[in-house]
Amino acid sequence: MAFYGIASNLVNYLTTQLHEDTVSSVRNVNNWSGSVWLTPVLGAYIADSYLGRFWTFTISSLIYVMGMMLLTMAVSLKSFKPSCSNGICNKASSSQIAFFYISLYIIAIGSGGTKPNISTFGADQFDDFDPQEKKLKASFFNWWMFSSFLGALVATLGLVYIQENLGWGLGYGIPTVGLILSLFIFYFGTPMYRHKVSKTKSPARDLCQIPIAAYKNRKAQLPSNPSELHEFEPQHYINSGKRQMYHTPIFRFLDKAAIKDGNNMDASMRPPCTVTQVEGTKLVIGMVMIWLVTLIPSTIWAQINTLFVKQGTTLDRSLGQQFHIPAASLGSFVTLSMLLSVPMYDRYFVPLVRARTKNPRGITLLQRLGIGFVVQVIAIAIAYAVEVRRMRVIRVHHLNGPKEIVPMSIFWLLPQYVLLGIADVFNAIGLLEFFYDQSPEEMQSLGTTFFTSGIGVGNFLNSFLVTMVDKITGRNGGKSWIGNNLNDCHLDYYYGFLLVISAINLGAFLWASCKYVYKRESVEVKEGCVDLVEGKAIATSPLGLQV
């Protein structure tokens, strides 16, 4: 609620209160959102390597609260806001702008430790070795995101209206109080939490060590049988509780890091890397391939809080004679479609498909992402068609003024919002689960930052695209595709451009998903257990557990 209470209507605050132009406000919103979603990379590294998830979240949440309190002051106190007289407002001073943006970026720093750690800390509460808890964990991320969507719904329906009609201070003060209350609830449960003990001081070290060792052994010959590569005895994994990974045939060059008699033995007198270490690095490289094809979908998602909102302000927003719908409130339909789709997906779709595929998830993680990306392409195609119609209505009625209302209901935008919400049930939740599930055991907080950083880079990419498109199309006196006056520009061309790159990106995703090899782990234990491969239960011997 706190995050979406800011993000969903920030573009309107920047244009109406700080008097920024359209391109600058879109760019600043994207840059801030990008920072919010990128700082988790640092927060996850600190959690996995030093403080653990609980303490990283604890410290970061206090920073988050401080940022929210400062932001509430920035929009409430007269000395921090531009002065107005007779309906004419002055531009914000340098100190006012600085205080506002410092508050925003303190929140971004706080997000760095909260976003990647609270969801993984929640997943840690389930025991992978208990069949019932393992089953419950398969639904955890669906319901985790469901609760997040509830907060977003309150923000887009209630807080946005309060901000525009009752005051920005109250609109930011309510989520600040809500955040403080939620932290009290979290800390109240502290005695009951399970804490996952880190078994490696620097889990990301292998990401550098493996390629270097493989390069040193580049002239060595790989054995024909992978079992001849260096690996610890099963007793090592029994004693340490770590998970042993099976060898996979992808990225074969990295296998040279595990050659028993390679150059690294002679040069440094260190034992070669193990197959498990090599496979962990392969997993990360494979996830990078998937991560790259999530950037364009994240760019599409960035339109919800920026251009979609500005587009909505030009349309007829009246509902009856007295009430006008805030343009940003239409984002609530993204949330509503998510809230309706998650239970349907979890309670009906998964059991129905599971009966056919025998996969506890119903479909594989990458199949889930693919469905979401297809729905998103359809959504941006509809957004393009609606904008083409809006431009036609503008031409018919000879509208040119930036504040003239187009005689076309804002509910024409509804299909694109609803479809993006449905798409997110597949790709947002699917990505969070994918990166958590496929990360090496000691890097699961860092692994989930593939999800958050993808959103962050997508926002920065949208900021870059908006800026470059505006400069290129508006040079030499040309009509910019994205101008301050949305009634006299070519936003339809920009949506068409997004549609083309989305379709190309979908093809790239299909290629990457065909190349991807799912994680296969083995945990050696002292008692009998079951075998799980990509979520499918299989009978096995007493000593192996594959996940």
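The values are calculated or read from the model by the stated rules, or taken from the named source; none is laboratory data. Keep in mind that what you see is a predicted model, and the values were worked out from it rather than measured. Using ideal geometry, Cβ is built from the backbone for each residue, glycine included, and neighbour counts are taken over all protein chains shown. Keep in mind that these areas ignore ligands, DNA and RNA; they rest on the heavy atoms of the full protein, side chains included. Shrake-Rupley method; radii C 1.70, N 1.55, O 1.52, S 1.80 Å.
Please give the per residue accessible area of the range 334-471, computed with a probe of 1.4 Å over protein heavy atoms only, in Å².
Heavy-atom accessible area per residue stands at 39 Å².
Beyond 25 Å between alpha-carbons counts as too far, so tell me which of 81/310; 78/403; 196/358 fall in that bin.
78/403; 196/358
Between residue 228 and residue 136, how many nm apart are label points set 7 Å from Cα along the C-beta direction?
Here the modelled spin labels are 4.9 nm apart.
Using modelled backbone amide H atoms (1.01 Å from N, in-plane), which distant-in-sequence or interchain residues come within less than 5 Å of residue 324's amide H?
319
Please identify the trypsin sites (Lys or Arg not before Pro) of the range 404-487 that satisfy two criteria: DSSP loop assignment and at most 12 other Cβ atoms within 10 Å. Which are they?
Those that pass, being in a loop and sparsely packed, are 479.
Between residue 357 and residue 504, take the C-beta separation as r, use R0 = 25 Å, and let me know the FRET efficiency to the nearest 0.05.
Step by step, r from the Cβ atoms, then E = 0.25.
Amide H neighbours of residue 315 under 5 Å, counting only residues 5+ apart in sequence or on other chains, H built in-plane at 1.01 Å?
Those qualifying (amide H under 5 Å, at least 5 residues apart or on another chain) are 406.
Work out how far the C-alpha atoms of the chain reach from end to end along every principal axis, then list the three figures in whole Å, largest first.
Extents along the principal axes: 80, 51, 47 Å.
Once you put a point 7 Å from the Cα of residue 414 and another 7 Å from the Cα of residue 292, both along the Cβ direction, what distance in nm separates them?
It is 4.1 nm.
Residue-wise, which Karplus ³J(HN,Hα) couplings in Hz belong to the range 370-378, taking 6.51 cos²θ - 1.76 cosθ + 1.60, θ = phi - 60°, and x for glycine or proline?
So the Karplus estimates, Gly and Pro as x, are x, 4, x, 5, 5, 4, 5, 4, 4 Hz.
Using only Cα atoms and rounding to the nearest 10 degrees, what angle (0 to 90) does helix 444-474 make with the longest principal axis of the chain?
Between helix and principal axis, roughly 40 degrees.
Take 520, 317 and sort them by solvent-accessible surface of the protein heavy atoms, 1.4 Å probe, largest at the top.
Accessible-area ranking of 520, 317, largest first: 520, 317.
With every protein chain left in place and a probe of 1.4 Å, what is the accessible surface of residue 129, to the nearest 10 Å²?
Probe radius 1.4 Å; accessible area of residue 129 about 110 Å².
Taking the full set of protein chains and a 1.4 angstrom probe, give the accessible area of residue 386 in square angstrom, rounded to the nearest 10.
10 Å²
Before anything else, pin down the relative contact order of the range 316-414: Cα pairs under 8 Å, at least 6 apart, normalised by residue count, whole percent.
RCO, the range 316-414: 31 percent.
Could you please put 243, 347, 389 in sequence from largest to smallest accessible area, using a 1.4 Å probe?
Largest accessible area first, the residues go 347, 389, 243.
In whole Hz, with x marking every Gly and Pro, tabulate ³J(HN,Hα) for the range 117-132 from phi via Karplus 6.51 cos²θ - 1.76 cosθ + 1.60, θ = phi - 60°.
9, 6, 6, 5, 5, x, 5, 5, 6, 9, 8, 5, 9, 9, x, 5
What's the magnitude of the charge dipole for the chain around its Cα centre, counting Lys and Arg as +1 and Asp and Glu as -1 at the beta-carbon? Answer in Debye, nearest 20.
640 debye
Using C-alpha positions alone, give me the convex hull volume of the range 1-199 per residue in cubic angstrom.
That works out to 123 Å³ per residue.
Taking the Cα centre of the range 232-385 as origin, work out the dipole magnitude from +1 charges on Lys and Arg Cβ and -1 charges on Asp and Glu Cβ, in debye rounded to 20.
340 debye
Along the range 33-42, what does the Karplus equation 6.51 cos²θ - 1.76 cosθ + 1.60 (θ = phi - 60°) give for ³J(HN,Hα), rounded to whole Hz, x for Gly and Pro?
For the range 33-42, the Karplus curve yields 4, x, 5, 4, 8, 9, 4, x, 4, 5 Hz.
Considering the options 162, 150, 443, tell which one lies farthest towards the positive end of the dipole of the chain, charges being +1 on Lys and Arg and -1 on Asp and Glu at the Cβ, about the Cα centre.
162
What's the ranking of 370-381, 423-434, 407-418 by average number of surrounding C-beta atoms within 10 Å, highest first?
Output ranking for 370-381, 423-434, 407-418: 423-434, 370-381, 407-418.
Just the projected area, averaged over all directions, of the convex hull on the alpha carbon atoms of the range 86-173: how many nm²?
Orientation-averaged projected area of the Cα hull: 8.1 nm².
Hey, if you put +1 on the Cβ of every Lys and Arg and -1 on every Asp and Glu Cβ in the chain, which of 129, 421, 359 ends up farthest toward the positive end of that dipole?
Final value for the positive-end residue is 421.
Under a straight-distance cross-link criterion of Cα-Cα below 25 Å, which lysines are reachable from residue 216, leaving out those fewer than 8 residues away in the same chain?
Those lysines meeting the cut-off are 201, 256, 260, 282.
Going by amide H atoms built from the backbone, whose H comes under 5 Å of the H on residue 245, apart from near neighbours?
Answer set, sorted by chain and number: 276, 522.
Please sort 163-170, 6-13, 398-405 by packing, taking for each peptide the average over its residues of neighbouring beta carbons within 10 angstrom, highest first.
Sorting 163-170, 6-13, 398-405 by mean packing, highest first, produces 6-13, 163-170, 398-405.
Magnitude of the Cβ-charge dipole of the range 1-199, K/R +1 and D/E -1, about the Cα centre, nearest 20 debye?
140 debye
Between residue 520 and residue 94, with labels modelled 7 Å along Cα→Cβ, what's the label distance in nm to one decimal, could you check?
6.3 nm
Please name whichever of 10, 386, 321 sits farthest to the positive end of the charge dipole of the chain, dipole taken about the Cα centre and charges placed at Cβ: Lys and Arg +1, Asp and Glu -1.
Going by the charge dipole, the pick is 386.
Restricted to Cα positions, what overall size does the range 1-44 have along the principal axes? Three whole-Å values, descending.
Computed over the Cα atoms, the extents are 36, 22, 11 Å.
At 1.4 Å probe size, what's the solvent-accessible area of residue 387? Round to the nearest 10 Å².
Rounded to the nearest 10, the figure is 0 Å².
Kindly list the residues of the range 19-57 that lie in the label zone of residue 208, defined by a backbone N under 19 Å from the point 7 Å along the Cα-to-C-beta vector.
Only 41-51 fall inside the zone, counting backbone N under 19 Å.
Counting alpha carbon pairs within less than 8 Å and at least 6 residues apart, what relative contact order, in whole percent, applies to the chain?
Reported as a whole number, the value is 21 percent.
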